[in-house]
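Take a look at the structure set out below.
Nothing in this text is a laboratory measurement; each read-out follows from the coordinates by a stated rule. Just so it is clear, the model here is predicted, and its values are computed rather than measured. Note: ideal-geometry Cβ built from the backbone for every residue, glycine included; neighbour counts use all protein chains shown.
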Amino acid sequence: MAGKLQGLRTLIYPVDDLDAAKSWWSSFLGAEPYFDEVFYVGFNIGGYELGLLPGQDPSEGAYVYWGVEDVETAVASAIAQGASVHSPPTDVGEGIVTALVRNPQAALVGFIFNPNFALQGY
C-alpha cells in the first residue's frame, strides 16, 4: 500500500434510532458524548472515536477506520488491489477526511485522516 496504516482510529455504528442508541451507549460507557448533533454523535474513549451515525443501515455492521496520512492515496491503493469505492473521500469537518472501500471479499474498510487524533493516557 502506498502509505501505511497508522493504526485503528474510529469505530462508527450505523443506527436507525439515534436517541435510543445515544442513551444506551451513554449508560453503557458511563459517559456523555463530547459531540452531539442530529447528524452524528461521538464519544471519546481513551482518545479513540466511537461514533453513532443515523440514517445508515445497521445490518452493514460497524464502520472501522484506519488512520492514514492521505485518504485519497489509501483509496487509490485499495482500488488498485481490487477494492471498490463505497464512500468517497469526504471532509467531514475540522480537517477530518474519511472514506470507505469494499474489498474483494465484500468487507468494508475505512480510512481516516484526523489531524486532531491523540491517544490519551499513553
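Would you mind checking the tilt of helix 18-29 against the longest principal axis of the Cα atoms of the chain, expressed as 0 to 90 degrees and rounded to 10?
80
Apply the Karplus curve 6.51 cos²θ - 1.76 cosθ + 1.60, θ = phi - 60°, to the phi angles in segment 71-86 and return the couplings in whole Hz, x for Gly and Pro.
Result, rounded to whole Hz: 5, 4, 5, 5, 5, 4, 5, 5, 4, 4, 9, x, 7, 10, 6, 9.
In vacuum, with every alpha carbon of segment 8-113 counted as one equal point scatterer, what does the Debye formula give for log10 I(q)/I(0) at q = 0.14, 0.20 Å⁻¹? Two decimals, please.
The Cα Debye sum returns log10 ratios of -0.55, -1.05.
Given the C-alpha centroids of segment 41-56 and segment 59-122, what is the distance between them in whole angstrom?
Measuring centre to centre over Cα atoms gives 15 Å.
At a 10 Å Cβ-Cβ cut-off, how would you order LYS4, LYS22, fewest neighbours first?
LYS4, LYS22
Under the definition of Cα pairs under 8 Å and six or more residues apart, what whole-number percent is the relative contact order of the chain?
Here the relative contact order equals 27 percent.
Quote the charge dipole size of the chain about the Cα centre in Debye, to the nearest 20; the model charges only the Cβ of Lys and Arg (+1) and of Asp and Glu (-1).
In debye, rounded to 20, the chain gives about 460.
Could you run the Karplus curve 6.51 cos²θ - 1.76 cosθ + 1.60 with θ = phi - 60° over segment 31-37 and give me ³J(HN,Hα) per residue in whole Hz, x for Gly and Pro?
Calculated HN-Hα couplings, in order: 8, 8, x, 7, 10, 9, 10 Hz.
Arranged by the count of other C-beta atoms within 10 angstrom, fewest first, what order do THR90, THR98 take?
Exposure proxy ranking, most exposed first: THR90, THR98.
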